[in-house]
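The values are calculated or read from the model by the stated rules, or taken from the named source; none is laboratory data. Remember, predicted model here, so these are calculated numbers, not experimental data. Ideal geometry is used to build each Cβ from the backbone, glycine not excepted, and the neighbour counts take in all protein chains shown.
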Amino acid sequence: MGSDDTVSILGNIALGVLRHFVTTAAGGLVANGYLTHDQAQQGAGAVMVIVALGFSVYDKMKARAAQQAALMTPPPRIMPSIQC
């Protein structure tokens, strides 16, 4: 398992924890009468969409930075073979 796999797994866990936190907070607001059930669902959905978009932008920026670094790295020098 490589570093990217670990980051992906941790990202999925973080998104799951965030989703539960948002739904729990929204449930508390509904229970206390601050929001209706429909408002809570829409708000939780909006928060998760914004977070998912943020992760997507971050991943694309990270991939672009890695690509730029690879393009800036000079190719390895290959020693000519000596023939006798």
Exactly one of these conditions fails for R64: (1) assigned to a helix (DSSP H, G or I); (2) surrounded by 14 or more Cβ atoms within 10 Å (Cβ to Cβ). Give me its number. (2)
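Return the only residue of T23, T6 being in contact with a helix residue (DSSP H, G or I) (Cβ under 7 Å, 6 or more places away or on another chain) and either of a type in the set (V, I, T) or at pLDDT below 90 (or both). Break it down stepwise before answering.
Values: T6 fails: in contact with a helix residue (DSSP H, G or I) (Cβ under 7 Å, 6 or more places away or on another chain).
Selected residue: T23, the only one of T23, T6 that is in contact with a helix residue (DSSP H, G or I) (Cβ under 7 Å, 6 or more places away or on another chain) and either of a type in the set (V, I, T) or at pLDDT below 90 (or both).
Restricting to the stretch 33-61, name every residue that is in a helix (DSSP H, G or I) and polar (S, T, N, Q).
Within the stretch 33-61, the first condition is being in a helix (DSSP H, G or I), and the residues that meet it are 37-61.
Scanning the stretch 33-61 gives Q39, Q41, Q42, S56.
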Here are T73, T36: which of them is exposed (fewer than 10 other Cβ atoms within 10 Å of the Cβ) and either in contact with a Ser or Thr (Cβ under 9 Å, 6 or more places away or on another chain) or of a type in the set (S, T, Y) (or both)? T73
